[in-house]
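All remarks here apply to the structure that follows.
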Amino acid sequence: MTTPDTETAATLDRADTRVRNDDSFAGAWRGFVDRVRSGDLGMLPVMVGLVLISAVFTALNPVFLAPNNLVNLLFDCATVGVISLGIVCVLMLGEIDLSVGSMSGLASAIIGVLWVNSGVPLPVAIVAALATGALVGFVYAIFYTRLGMPSFVATLAGLLALLGMQLYLLGSTGSINLPFQSDLVRFGQTMIMPKWLSYLLALVPGLVVAVTGWRTSQRRVAAGLSPLAMRLVLAKAMVLTIALGVAAWYLNLGRGLPWMFALFVLIAVVLNYALTRTKWGRSMFAVGGNREAARRAGINVKRIYMSAFILCSTLAAAGGILGAARLASSSQQAGTGDVNLNAIAAAVIGGTSLFGGRGSAWSAVLGIIVIQAISNGLTLLNLSSSLRYMITGAVLAIAVIVDSLARRSRVSHGRA
Amino acid sequence: MSPSPPSQTEPILRLRGISKNFGAVSALTDIELDVHPGEVVALVGDNGAGKSTLVKILAGVFQPSAGTIEYLGKQVTLDGPGRALELGIATVFQDLALCENLDVVANLFLGHELSPFQLDEVSMELRAWSLLRELAARIPSVRQPIASLSGGQRQTVAIARSLLLEPKIIMLDEPTAALGVAQTAEVLNLIERVRDRGLGVIIISHNMEDVRAVADRIVVLRLGRNNGVFTAETSHQELVAAITGAAENAVTRRQRFRAAQAATREAGL
C-alpha cells in the first residue's frame with residue numbers, strides 16, 4: 001500500500017498511525033470488503049439484484065433486454081420513482097408515509113378534473129395538484145409534531161381519506177381520458193431526448209466527479225490536509241462515464257432516453273445535493289440518527305419533520321401527475337394496488353434504512369429500476385397480477401430482512 | 001472549612017441568592033457560586049442535592065425562581081438554551097447527545113455548519129483537527145462515525161463540540177461516570193487543558209477522587225443549600241461529612257465497621 005504523503009511530516013489528518021488509509025486500488029477494495037462484512041452494504045444488494053433479475057428474465061424471455069423494452073421500463077420507473085424519492089425523505093427520519101399511493105391518485109384526479117373537465121390551463125392544474133400534496137404533508141406534520149400521532153397511523157388514515165377524495169372527484173364516470181395530442185401525454189408516452197444530448201449528458205456525471213474531486217483535493221492540500229486519492233476519483237469518473245455511455249448507446253439502439261426519466265434523475269440529483277451538501281440535509285441525518293441530540297444542537301426538529309412530510313407528499317403528487325401522463329387518463333385505479341409498496345420497497349432495496357439516519361436519493365433510483373424490472377419481466381412472461389403482487393411482496397420482505405440484519409451487524413461492528 | 005478566594009480576577013459567573021421552587025418543593029435555596037477564569041469548580045452533593053437543577057438553570061433549561069446571575073460583571077437572564085450558548089456558557093450533558101450515524105466533523109458542527117447551502121467540508125475538517133489537536137485528543141480519524149468511537153473518545157468529541165463556539169464557561173455533568181480508568185484520566189487531562197486555556201470549568205461528579213484530582217475549589221450542596229467550599233487538600237472524611245451533613249454518617253459507620261472487622265481478624269490470627 002502506498003501513501004502519497006510519506007515524504008514529509010504527515011498531514012494533520014494522517015498523523016495517527018492507527019488508521020489504515022485506503023488510497024490504492026487494493027486498499028479501496030479492502031475497505032469495500034470490510035464495509036460489506038460489517039453490514040454497510042450500500043448499493044451492493046441492488047447491483048446483485050439487478051444482475052440476477054436480468055439473467056433470469058432474459059433466460060426466460062430474451063425480449064426483456066431488448067432496447068425498446070428497457071426504454072419502456074425507464075418510462076415506468078419515472079412515475080413511481082419520483083414518489084420513492086419522497087419516501088426516502090421520510091424514511092431518513094425513521095418515519096413513514098403509507099398514503100403516497102392515494103396521494104398520487106388524488107393528484108391525477110385533480111389534473112383530470114381541473115384540466116380536462118373544467119378547462120383550467122394545464123400549468124395551473126399541475127400547481128394545484130402539487131399544492132394539494134404540500135398541504136396534505138403539512139397536515140401530517142401537524143398531526144405528528146403537535147398531536148404526537150405516529151406517522152404510520154396518521155398516513156394510514158390519510159390513505160383512506162385521500163382515496164375517498166379521489167373517488168369523489170372522479171364522480172360516477174370513474175375515469176377521465178387525457179387528450180392524446182397534449183404535451184403532458186406526449187411527455188409521458190413518447191417524448192425522447194435527442195441522441196446527441198443523451199451522449200452529452202452521459203459525460204456530465206464523470207466530469208463533475210473528476211472536477212469537484214480535483215478542486216476538493218487542491219483545497220485540502222492548501223489547508224494542510226491530505227489530498228484525495230486522485231487515482232480512485234479518476235477511476236470512479238471513468239467507470240461512471242463508460243457505464244452511462246454504454247447505457248445511452250444501448251437505449252439509442254431503440255427509441256432512446258425518455259425525457260420523463262431524465263426529469264426523474266434531475267429531481268434525484270437535486271435531492272441528493274440537498275441531502276449531502278446542505279445544512280438541511282445534515283439536519284435530516286441528525287434528526288433520523290438521534291432526535292434529542294439534534295434538538296440540543298439547536299436544530300429546529302419540528303421544522304425538519306415538516307419539511308420531510310411536505311416534500312414526500314408533494315413528490316407523491318408529482319408522481320401522480322407523471323402517472324396520469326403515462327396512462328393518458330385519470331382513473332379510479334390510479335395510485336391503488338402496488339404503487340404504495342413499490343415506492344417504499346424501492347427506497348429500502350436501494351439501501352435507505354427503515355430505522356432512520358441512513359439513506360440516499362440514489363437508493364430510490366436504483367431501487368425503482370429493480371422493482372420495475374421485476375414487474376416488467378413478469379408481465380413479459382404473461383403472469384397475472386396475482387403472482388406479481390406475491391413476488392413484489394416477497395422482494396419487499398427480503399429487502400427489509402437484509403436491512404435489519406445489516407443494521408444489527410453494523411451495531412456490533414461499531415458502524416452506525 | 002476554608003473558603004479560599006483563589007484569584008484576584010473578576011469572576012466570569014457570579015450567582016447570588018439563586019432559588020428554584022417546583023411547586024411546594026424548593027430544590028435550591030439561596031445558592032451562591034463564583035467561577036473565575038482558569039478555574040475548575042467541582043459541584044458535589046448527594047442525590048437530590050440540587051446539582052443538576054443548578055446546571056440546568058445555568059444552561060438556560062430552567063429559570064430560577066429568585067436570585068441574580070451575573071455574567072462578566074453584567075446581570076443576565078438565561079431564558080433558553082440558545083441564550084446561554086450565545087453568551088458563552090456551554091454544557092456537556094451526561095448522555096453526551098451525539099449522533100452515532102454522523103462522523104466526528106458533522107457532530108462537532110451540528111447546527112452550526114459552515115456555509116449552509118454548500119457545506120464547507122474542508123474548512124470544517126481543518127477546524128475539527130485543530131480543535132482536537134489543541135485538546136491533545138486522540139481521535140484516530142474525524143471521518144469515522146461516532147458509533148465506532150470508545151466512551152472516552154465520545155466524551156472528548158462532546159467536550160470539543162462545546163468548545164467550538166468559544167465559550168467562557170463550560171459545564172460538565174458527570175463526565176467520568178461511564179468511563180474506565182484510562183479514559184477517566186484522559187478526560188481529567190482534557191479538563192485541565194481546557195482550564196489552561198483560561199476557561200472557567202464547572203464539573204459535577206460523584207467520584208471524590210476525580211473531583212480532588214482536578215478541582216481548584218469544591219462546592220458542596222446539601223438539600224438545595226450551600227454547605228461549604230473546600231479545596232482539593234480537604235480530607236475525604238471532611239468532604240463526606242459536608243455532603244451527608246454529619247460527621248456520623250453511613251460512610252463513616254461503614255469505615256468504622258470495616259476497621260473493627262479487620263482488627264478482630266488480626267487479633268484472631
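Bear in mind that the values in this text are calculations on the coordinates, not laboratory data. Here the structure is a predicted model, which means the values were calculated and not measured. Please note: Cβ atoms are built from the backbone with ideal geometry, for glycine as well, and neighbour counts cover all protein chains shown.
Quick check on chain A: helices-only [θ] at 222 nm, where DSSP H runs of length 4 and up contribute -39,500 (n - 2.57) each and the sum goes over total residues. Nearest 500, please. Only helices count here, giving -24000 deg cm²/dmol. How big, in percent, is the set of alpha carbon pairs in segment A:270-416 lying more than 19 Å apart? Percent of Cα pairs beyond 19 Å in segment A:270-416: 61.
What order do you get for A:ILE242, B:ILE139 when you list them from fewest to most C-beta neighbours inside 10 Å?
Working: A:ILE242 12, B:ILE139 20.
Ascending number of Cβ neighbours within 10 Å: A:ILE242, B:ILE139.
Here the calculated FRET efficiency for A:GLN218 and B:SER130, from their Cβ-Cβ distance with R0 = 25 Å, stands at 0.80, rounded to the nearest 0.05. What whole-number distance in Å separates the alpha-carbon centres of segment A:87-151 and segment A:11-60? Centre-to-centre distance over Cα atoms comes out at 37 Å. Neighbour counts of other Cβ atoms within 10 Å put A:PHE355, A:PHE309 in the fewest-to-most order A:PHE355, A:PHE309. Based on alpha-carbon atoms, the Kirkwood radius and the radius of gyration of the protein assembly as shown give Rg/Rh equal to 1.07.
The protection proxy used here, the mean number of other Cβ atoms lying within 10 Å of each residue, ranks peptides A:76-82, B:171-177, A:381-387 as follows, highest first: A:76-82, B:171-177, A:381-387. In chain B, the longest principal axis of the Cα atoms and the axis of helix B:250-268 are about 60 degrees apart.
In peptide A:282-293, how many Cβ atoms from other protein chains are near each Cβ within 10 Å, on average?
On the way: counts 9, 4, 0, 5, 8, 1, 3, 10, 11, 1, 4, 13.
So the per-residue partner count for this stretch is 6.
When only alpha carbons are used to place a centre, segment A:317-339 and segment B:123-197 end up 53 Å from one another.
Computed from the C-alpha gyration tensor, the three semi-axes of the ellipsoid equivalent to segment B:1-139 are 33, 19, 16 Å, from longest to shortest.
Before rounding to the nearest 500, sum -39500 (n - 2.57) across all DSSP H runs of length at least 4 in chain B and divide by the residue total; then give [θ] at 222 nm in deg cm²/dmol.
Working: 9 runs with 99 residues, N = 269.
Dividing the helical sum by the residues of chain B leaves -11000 deg cm²/dmol.
Hey, what's the per residue convex hull volume over the C-alpha atoms of segment B:99-255, in cubic angstrom?
Details: hull volume 21.6 nm³, N = 157.
Per-residue hull volume (Cα only) is 138 Å³.
Provide the packing ranking of A:41-54, B:41-54, B:203-216, A:321-334, i.e. peptides ordered by the mean count of other C-beta atoms within 10 Å per residue, highest first. Numbers along the way, then the final one.
On the way: A:41-54: 16.1, B:41-54: 21.1, B:203-216: 19.1, A:321-334: 22.9.
Going from most to least packed, we get A:321-334, B:41-54, B:203-216, A:41-54.
Within the same chain, lysines fewer than 8 places from B:LYS20 are excluded, and of the rest, those with a Cα less than 22 Å from its Cα are B:LYS51, B:LYS56, B:LYS74.
With Cα atoms defining each centre, segment A:161-234 and segment A:392-410 are spaced 27 Å apart in the structure. Of all lysines in the structure, those lying under 20 Å Cα to Cα from A:LYS279, and not within fewer than 8 positions of it along the same chain, are A:LYS302. Between helix A:259-277 and chain A there is an angle of about 50 degrees, using the helix long axis and the longest principal axis of the Cα atoms. Against chain B, whose longest principal axis is taken from its Cα atoms, helix B:151-164 shows a tilt of about 60°. For the segment A:19-26, counting C-beta atoms of other chains within 10 Å of every residue's C-beta and taking the mean gives 1.
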